Amino acid sequence: MSPRRPRAHLNSDLSVARLQEAFTLQGWTAEVLGKDYGEDLLVRIFDDGEATPYTFYVQVKSTETLSRYTRKGGGYVRYPISLDHLEHWLKFSDPVFLVIWDRETGGAVWDMIQETSLPVDTSGVKAKILVPMRNSLDGQGLERMRTQTVSRHRRLNREQRGSEILVDLLSESMNAEVSYDSQAGIMVIEHHDGNMEMRLFGATLELMHWMAKERDSTPEEVFRHVIRSAAETVLSIEAGTPYEYRNSDGSVTICHTAEEWASCIKAGEDYVGWVEEMPDD
């Protein structure tokens, strides 16, 4: 007997194709992402044929009938997603829109995952996103998606600019060179006498405290060990010994230069996941 294609796979492909068509008719581009990415589409907004800097991701879910997830009189769709996926998408700077496509009617409803219209229910094994039925994927709905995308991008840009201004003021008041990486959670203060200070924040600081507790040490000692280990790795690579970097999915990347190793570290962000998995005290 010839292998049969599951109906769920057909619905999934149809839903992606329908959404790609809707975004294209709006004058935007919609790139279909590979199965390994976790998101289905990357959409770039164009205004009257002119490219804009605004992009967003789309996670498409399909169903035979949307009524399966609606509650009578509720006015919304209650759709389950895994908590891991929710945590993953909440880290995105670009908006991520959950779009639920109804094969029965050909319509769809949507909401931005990072800024949902209604509170997310995380009380169960899976998170439940409450998607308002009024968020239909018609012309007005697409315009609202554009408005929300532009608003989020601009707000994040204002926050970034604000942090840059604060760093400049701090440099001036301390008479030192101050640099701050908000993603890494590291501030470096270089004094004119040659001394250097480092301050840790957020996930990086939490990780140092956890490692210190596990090693019965101090965060300062742990951080010095991390810096020393990184320096030894770079020197070893530059001496001609390739470094095997193990990715979060279990695959291995062979790094032949310090730049390749640094790119793996930056792209992996494994420490963030590590912090999230740390047991409570």
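At a glance:
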quantity: Members of region 148-165 found to be at pLDDT 80 or above and over 27 Å from residue 58 (Cα atoms), listed by number; calculated: 165
quantity: Only listed residue being modelled with pLDDT of 80 or more, open to solvent by less than 80 Å² (accessible area, probe 1.4 Å) and farther than 30 Å from residue 15 by Cβ, chosen from 174, 196, 145; calculated: 174
quantity: Any hit, region 155-163, residues being surrounded by 15 or more Cβ atoms within 10 Å (Cβ to Cβ), in contact with a strand residue (DSSP E or B) (Cβ under 7 Å, 6 or more places away or on another chain) and either of a type outside the set (Val, Ile, Thr) or not in a loop (DSSP other than H, G, I, E, B) (or both); calculated: no
quantity: Selection within region 220-264 - open to solvent by 50 Å² or more (accessible area, probe 1.4 Å), closer than 26 Å to residue 201 by Cα and in contact with an Asp or Glu (Cβ under 7 Å, 6 or more places away or on another chain); calculated: 248
quantity: Odd one out for residue 168, checked against (1) touching a residue at least 24 places away in the same chain (Cβ under 8 Å); (2) open to solvent by 90 Å² or more (accessible area, probe 1.4 Å); calculated: (1)
quantity: Residues being more than 18 Å from residue 227 (Cβ to Cβ) and touching a strand residue (DSSP E or B) at 6+ places or on another chain (Cβ under 6 Å) - total across region 166-214; calculated: 7
quantity: Where a residue in region 176-205 is more than 13 Å from residue 223 (Cα to Cα) and its partner, wherever it lies, is of a type in the set (Phe, Trp, Tyr) and in a strand (DSSP E or B), with Cβ under 7 Å and at least six apart; calculated: 187/180
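The values are calculated or read from the model by the stated rules, or taken from the named source; none is laboratory data. From a predicted model like this one, the values you see are computed outputs, not experimental measurements. Reconstructed Cβ throughout: ideal geometry from the backbone, glycine too, with neighbour counts over all protein chains shown. Surface accessibility is based on the protein's heavy atoms, side chains included, excluding ligands, DNA and RNA. Shrake-Rupley method; radii C 1.70, N 1.55, O 1.52, S 1.80 Å.
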